[in-house]
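Just so it is clear, none of the values below were taken in a lab; they were calculated from the coordinates. On a predicted model such as this, the values are computed, not experimentally measured, just so you know. Every residue, glycine as well, gets a Cβ built from its backbone with ideal geometry; the counts of neighbours run over all protein chains shown.
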Amino acid sequence: MRYKSRLKQILSICSLLALALVLYYHKRSFTPVEVKPSHKFDLIKSRNTFQNPVFAQLAVPTKAQRFMSLPLQDKCDSYFKSAKLAEFDVNFWNSFQPDPHVYKRKKWIRDRTRSEKRKYKKTADWKEEYDQQIALEFADIAREYSGLEERMFGEVGHMKVFGKCFASEVVHGQGNCEKVQQKLYPWLTNRGPLVTTADGEVRSNEVEGCVTQSLVANKGQGIVIPTQSKLVENVCRLINSLIALENKLPIEIAYLSLSDEERVKIVSAARNSTTFTQQVSFVDLKPTLQLKKFPFLESMDGGVVLPVLSLMFNSFGEVILLTEQAIPLSNLESLFQNIKYKSSGRFFFRSRPFLDREKFTPGFHEITALLKHHLPPSSNEVKFFNMSAPDSSVATSRFFKHSFRNILDTSVIVMNKSKSLSGLLITVNLHFYNVLKLRLTHKSMSDLIWIGQEVSGQEITFNNNYPVIAGIYTPDQNLPRDAKNTYEICSSSFAQLSETDDVSLLYITSDQLQNALEHPNSMKHIFEQKYVTKYTELVANLFDANDPNKTEMTRVNYNEVTKLSRNPLLIEHIIKPPTLTSIVYVHHFEEPNESWVEQSGLVSERMRHEGKRYYCAYDTVGNPMEEGVKGVTINIDDESFAKYDKITKAWMGL
């Protein structure tokens, strides 16, 4: 009996062990297989595998040496014969709407999981293998986006080579230029713009060979002003200021749509002087574009495309682009003598360095990395086509390193066409890559102008000075509570300081004058808030002249407001605020913690709705003896004051 009992115990234990093993393996059979590394596709790291298939064929040293020994045009012919996929699909890229969350794996998976779980009534119904399926789904989408990025990488590579071959210098025997141009820039018609003089004389716009070659061959210096119907009034005011400046450069007005009446109005403004009549011509850009094939191009006159086309299709070899927002205050011809411009072929000005507090959207940093590390010339492009890869990191650090949304002021741009045409062509195509808009918002799309230059292998050169604010000082008693040891100037406009002497103003924006014309009551209210002061005066007894006692009376001083009513852009002083990349930590709240402060509380609701802004800027941020920084203040001399006053009043038609 004892042995039977012992046997039963052993059998029971074995049964329990067997049951435990069955349950264990059963459970393991429902445990999802761990996602393999290949399923965790890394969209960012995959960029390091991108390569141009044409250059891949030259990996053999003997082939590479043979290719490098060829003349440039033979290299170009050989390259584009091998580049069978050298084509840019405008319709595809313009219609593609990227999902920004693809660049944030965890968030994409979390949102997708949450969405799927809503379909189940009970949490228990959710199976673990569903998580794996979602991870695999993300990997597939990430691979798809990587494929699109690689496609972009290849297309931009072909654009860079095209620029080196056909958009940098006049070539004798243009080979397959037209054929390649049609594929890479299908929005071009290979015709020139329709240029009409102020007297109605029309110049031929027929082009022999490649249109890019005719553009590179342009000679002379001049001004181009891009415009559209709603901007004509301000263009006429800009011309008034050019007359006051005694400008001698010819002017071309570039447009996609202007009526005869609007052109007549501009001609009248140009001839509104007996001594400095402006030489004006009109450049109709429509003939240069495939508008029937891509009708959406005509509606792009309000973005970056119009100024870029204006820089390309003017008649000059060297050009200064002026927008309707600029009021030049110095001789424009001197910009062509700038050392950095003469060296690089381009000269840019920076936008107001306002510290933006907007949150970064998904994809912001990932697309920044794509622009910085994968679109500029590669080592193969430098090796085989002698492209340049200049280091512009100092000039563009606020964009790439410090993540500012935009750094370019488009009011004035100076360019040598033969050195910049390739980058301008690339800029237009970059505009259609909607994935880049995860980094470049509508407000900052204009930065594609300098990005296109950098992608094409050109040096980026900015004015040494950051924007300044010019106007009149805020009276001490009206300074903010925390700004007692600093100067303050407030304005809707900002100005650019010459890097030659660091004192002369090159130009100022017309925002303040536009606001005064469009919103006079709102601007009067702002001026009264900032510039009306009170003082105490001892007054004799009006009823008893023999009374020795005097009474204190509070008086109101409207002097500064009166001056601004005559010229809202009166310039007596300049503040060059310290340039910051982040807010300064102020220990005792004795000074402002940033150099440019938007005054949204002073601006009317209607002005805010129209996107109008009003800023105050300071020469001192924080305590300079401790954690703070100090800028520079400049007093305007009498001669410059009279000159600036004359030009800004001319803008107003006074």
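Order the peptides 560-573, 54-67 from the highest to the lowest mean number of other Cβ atoms within 10 Å of their residues.
The peptides rank, most packed first, as 560-573, 54-67.
What are the trypsin sites (Lys or Arg not before Pro) within the stretch 231-322 that DSSP puts in a loop, where the Cβ has at most 11 other Cβ atoms within 10 Å?
Here the sparse-neighbourhood loop sites are K292.
Would you calculate, for the chain, the mean residue ellipticity at 222 nm contributed by helices, counting each DSSP H stretch of 4 or more residues as -39,500 (n - 2.57) and dividing by all residues, to the nearest 500?
-12000 deg cm²/dmol
Return the loop-located chymotrypsin sites (Phe, Trp or Tyr not before Pro) in the stretch 578-611 (DSSP other than H, G, I, E, B) with at most 15 other Cβ atoms within 10 Å of their own Cβ; answer none if there are none.
Answer in residue order: Y585, F589.
So if I take the centroid of the Cα atoms in the stretch 376-405 and the same for the stretch 476-508, what is the distance between those two points in Å?
So the two Cα centres are separated by 33 Å.
Rounded, prolate or oblate: which fits the chain when a ≥ b ≥ c are the square roots of the eigenvalues of the alpha-carbon gyration tensor, with rounded for a/c under 1.5 and prolate only if a/b beats b/c?
The shape class here is oblate.
Please list, by residue number, every one of the chymotrypsin sites (Phe, Trp or Tyr not before Pro) in the stretch 325-379 that is coil in DSSP and has at most 14 other beta-carbon atoms within 10 Å.
Filter output for the stretch 325-379: F360.
Rounded, prolate or oblate, given the Cα gyration tensor of the stretch 195-301, with a/c below 1.5 counting as rounded?
Note, shape of the stretch 195-301 comes out oblate.
Once the Cβ-Cβ distance between N176 and S600 is put in as r, and R0 is 60 Å, what FRET efficiency do you end up with, to the nearest 0.05?
Efficiency, rounded to the nearest 0.05: 0.60.
Give me the distance in nm between label points sitting 7 Å out from Cα along the Cα-to-Cβ direction at T197 and E358, one decimal.
4.6 nm
Pull out a ≥ b ≥ c, the square roots of the eigenvalues of the alpha-carbon gyration tensor of the stretch 370-418, then state rounded if a/c is under 1.5, prolate if not and a/b is larger than b/c, and oblate in the remaining case.
Here the stretch 370-418 falls in the oblate category.
What does the charge add up to near K179, with Lys and Arg as +1, Asp and Glu as -1, over the other residues with Cβ less than 12 Å from its Cβ?
Residues close to K179 contribute a combined charge of -1.
Evaluate Rg over Rh across the stretch 469-651, taking Cα atoms for both radii and Kirkwood's formula for Rh.
That ratio equals 1.05.
Apply the Debye scattering formula to the stretch 472-533, with a single equal point scatterer on each alpha-carbon and no solvent, then give log10 I(q)/I(0) at q = 0.27 Å⁻¹.
-1.08
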